[in-house]
Every structure is written in C-alpha cells, then in structure tokens.
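For reference, the structure discussed in these notes is given below.
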Amino acid sequence: MQQTIKLLIESQPIASKRHRALRLTGHQYDPQKKEKAVVKWQIIKQLQALKRSNFYLFDNCVYFDEAQFFEVRFVYYMKTPKTLQRALKCDSEGVFVCRKKPDLDNLEKFYLDCMSGVVYPDDAMIVSLSSSKWYSLDPRTEIEVTAHFRDGKEPYRWGKTLC
C-alpha cells in the first residue's frame with residue numbers, strides 16, 4: 001500500500017550551504033536556519049490544507065509515522081537568466097534545461113532537511129530519490145513524496161505533532 005502527496009514551494013529554489021564554525025570557540029552553526037524555518041512552515045501549511053480538504057493523513061503536521069520507506073521526487077524550476085528570458089517567452093512550454101549552479105545535490109539536501117521530522121521521521125528512510133532542474137519564468141520547487149506501507153498496516157494512525 002502506498003500514498004503520495006504533492007507539495008509546491010513557490011519561490012526560487014534554495015541550495016544547501018556548509019555549516020560555519022567560529023574561530024575562537026569552534027562552535028558550529030547553520031547559516032540557513034531562518035531560510036529552513038520559512039520553507040518548513042510553508043510545508044506545514046500545505047499539509048494542514050491537505051487535512052482540511054478531506055485528506056485525513058495529517059493532524060497538525062503529522063508525518064507518515066507508520067511508513068516503511070519513502071520515495072521522493074524533486075523538480076526545481078530556477079529563475080531564468082536575462083539572456084534566456086526572450087527565448088522562454090517565445091517557447092510554448094517555457095522551460096529550458098539548467099546546467100549551471102547550484103548543484104542538484106545541494107538543492108536536494110536543503111529540502112530533505114526541511115521535510116525531515118515534518119513529512120517523514122528521518123531522511124534515512126528514503127530509498128529512492130530523483131531530481132531535475134530547469135529554467136522557468138515561474139521559479140518554484142515541486143516535491144512529490146510517496147510513502148510505502150506494509151500490507152495490512154493502517155496508514156492513518158496519529159503520530160507526533162510538531163505544531
């Protein structure tokens with residue numbers, strides 16, 4: 001048995017940065033803590049909207065706590081450089097392949113960290129991951145998470161809440 005949810009983050013995709021350390025104390029900190037909090041809040045709001053629309057999988061940001069494993073699919077639509085904007089306006093689909101920075105793995109890391117503890121308990125439970133990045137006039141990130149359950153397990157059991 002499996003269930004799929006689709007999330008949409010309507011902003012320029014964000015790549016993960018390295019953790020920083022203070023020279024004197026060696027204390028490490030996350031330079032993207034605020035950005036991750038904003039994206040995590042957008043994800044929580046979408047999950048709450050799914051619950052209100054008779055999708056009884058979540059109760060105040062409950063993740064799939066009974067799932068065995070997850071599959072995640074990302075599609076990143078990056079902001080188009082000015083040199084390509086005219087060509088994109090003429091193109092019927094409005095997308096081009098993006099071969100520039102940020103790297104795809106850094107984009108994945110950022111969004112996997114944001115969804116950890118909200119959509120799934122730990123990102124170690126992800127067994128399949130696919131990603132692509134494109135240029136578009138409408139920058140956004142589309143995320144599709146599929147949770148796989150053991151046959152006979154009830155996937156609607158209420159779990160921990162984060163809100």
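For segment 118-133, which residues satisfy the criterion of being part of a helix (DSSP H, G or I) and surrounded by 15 or more Cβ atoms within 10 Å (Cβ to Cβ)?
If we filter segment 118-133 for residues that are part of a helix (DSSP H, G or I), which is where we start, we get 123-125.
Residues satisfying the conditions are D123, M125.
Within segment 9-35, the set of residues being surrounded by 14 or more Cβ atoms within 10 Å (Cβ to Cβ) and farther than 17 Å from L104 by Cα comprises D30, Q32, E35.
What residue, of Q28, Q32, is among the polar types (S, T, N, Q), modelled with pLDDT of 80 or more and closer than 25 Å to S132 by Cα? Talk me through it step by step, then tell me what you get.
Numbers: Q28 fails: closer than 25 Å to S132 by Cα.
Answer to the check: Q32.
Can you find even one residue in segment 50-72 that is closer than 26 Å to P31 by Cα and either surrounded by fewer than 16 Cβ atoms within 10 Å (Cβ to Cβ) or at pLDDT 90 or above (or both)? Yes - at least one qualifying residue is present in segment 50-72.
Filtering segment 12-23 down to residues that are of a type in the set (A, V, I, L, M, F, W, C) and modelled with pLDDT of 80 or more, which residue is nearest to P102 (Cα to Cα)? Can you show your working first?
Filtering segment 12-23 for residues of a type in the set (A, V, I, L, M, F, W, C) gives 14-15, 21-22.
Next, only the ones that are modelled with pLDDT of 80 or more stay: 14-15.
Details: I14: 8, A15: 6 Å.
For segment 12-23, the residue satisfying everything is A15.
Across segment 1-53, the number of residues qualifying as assigned to a loop (DSSP other than H, G, I, E, B), of a type in the set (S, T, Y) and over 18 Å from the mean Cα position of the chain (by Cα) comes to 2.
Do we have any residue at all in segment 134-148 that's under 13 Å from the mean Cα position of the chain (by Cα), closer than 16 Å to E71 by Cα, at pLDDT 80 or above and part of a loop (DSSP other than H, G, I, E, B)? Scanning segment 134-148, I find no residue that is under 13 Å from the mean Cα position of the chain (by Cα), closer than 16 Å to E71 by Cα, at pLDDT 80 or above and part of a loop (DSSP other than H, G, I, E, B), so the answer is no.
The values are calculated or read from the model by the stated rules, or taken from the named source; none is laboratory data. Since the model is a prediction, treat every value here as computed from it, not as a measurement. Because the Cβ atoms are built from the backbone with ideal geometry, glycine has one as well, and the counts that use them run over all protein chains shown.
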